[in-house]
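S.K.: There's a structure below that I have some questions on.
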Amino acid sequence: MARMISLVSSSALLLGTWFFLIAGSRPAAQPEPPFGGARDVAFSKDLWKAISGYPKWKLTSRIYKGASPHGKWVRLFSTFVTVQGRDYPGIIKENYGGRGVTPERIQADRKAWLKAVTVMVARESGYDKDNKNWFWVKYTKDGAVAKNPKGMALAGRVAKGQTKGCIGCHSQAGGKDYLFSNDG
């Protein structure tokens, strides 16, 4: 009987210790979502600072006819950008819209017609090998990271695995490079 009480006491002590350790420990870190997580938003904020002078970049397109969701008219800018100490090839698309918008009106007052700025950056190898390592972000015209209707930041691997969204659309570009600008 004494042996049984000792065994029960030892088991209770072991279970109590185990429960205390589990209850007192932090939950396991949850993986970030495919897009809109803290790291994607932090990278996006640093990226916005890095591209602040993009309207003066030399590699700039003319204003041309756009398509949804980018706007009635768009303009591309591209160069290498340094973000968090690394250089990345970057493509910026200014998205213009509004009633009566024309290329001439945009030329006269770019800020009045600017609706959003969307950016693609070719990240380091391994970032998203399924999608050529592209990082996507949509900014409001004042540089805030835009959000989808569910409140998720549009930054990172936006809509990965979906038929709509950045990756779903750009995966259809010719040459399998996610770029429509060179599909002639």
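S.K.: When LYS160 is evaluated against the numbered criteria (1) touching a strand residue (DSSP E or B) at 6+ places or on another chain (Cβ under 7 Å); (2) not in a loop (DSSP other than H, G, I, E, B), which criterion, by number, is the only one it fails?
M.R.: (2)
S.K.: Being under 25 Å from the mean Cα position of the chain (by Cα), modelled with pLDDT under 90 and farther than 30 Å from TYR139 by Cα: is that true of ALA12 here?
M.R.: Taking the combined requirement at face value, the residue does not satisfy it.
S.K.: Against the conditions (1) in contact with a helix residue (DSSP H, G or I) (Cβ under 9 Å, 6 or more places away or on another chain); (2) within 15 Å of ARG75 (Cα to Cα), where does GLN107 fall short? Just the number, please.
M.R.: So the condition that GLN107 fails would be (1).
S.K.: Residues of region 45-67 being of a type in the set (A, V, I, L, M), part of a loop (DSSP other than H, G, I, E, B) and surrounded by fewer than 14 Cβ atoms within 10 Å (Cβ to Cβ), which ones?
M.R.: ALA67
S.K.: Further question on the same structure: For residues that are without any contact (Cβ under 8 Å) to a residue 40 or more places away in the chain, outside any strand (DSSP E or B) and touching a Gly at 6+ places or on another chain (Cβ under 6 Å), scanning just region 68-107, find the one that is surrounded by the most Cβ atoms within 10 Å (Cβ to Cβ).
M.R.: Filtering region 68-107 for residues that are without any contact (Cβ under 8 Å) to a residue 40 or more places away in the chain, outside any strand (DSSP E or B) and touching a Gly at 6+ places or on another chain (Cβ under 6 Å), the one surrounded by the most Cβ atoms within 10 Å (Cβ to Cβ) comes out as LYS72.
S.K.: Looking only at region 168-184, count how many residues are farther than 20 Å from GLU94 by Cβ and at pLDDT 80 or above. Explain how you work it out, then say what you get.
M.R.: Just the residues of region 168-184 that are farther than 20 Å from GLU94 by Cβ, to begin with: 168, 171-172, 174-177, 184.
After this cut, where a residue has to be at pLDDT 80 or above as well, the list is 168, 171-172, 174-177.
Residues meeting the conditions: 7.
S.K.: Follow-up. Among the residues of region 112-139, count how many are over 21 Å from TYR88 (Cβ atoms), of a type outside the set (D, E, K, R) and surrounded by 14 or more Cβ atoms within 10 Å (Cβ to Cβ). First the steps, then the outcome.
M.R.: To start, the set of residues in region 112-139 that are over 21 Å from TYR88 (Cβ atoms) comprises 112-115.
Then keep just the ones that are of a type outside the set (D, E, K, R); that gives 112-114.
Checking which are surrounded by 14 or more Cβ atoms within 10 Å (Cβ to Cβ) leaves us with 113-114.
Qualifying residue count, region 112-139: 2.
The values are calculated or read from the model by the stated rules, or taken from the named source; none is laboratory data. Predicted, not measured: the structure shown is a model, and the values here were computed from it. Backbone-built Cβ (ideal geometry, glycine too); neighbour counts: all protein chains shown.
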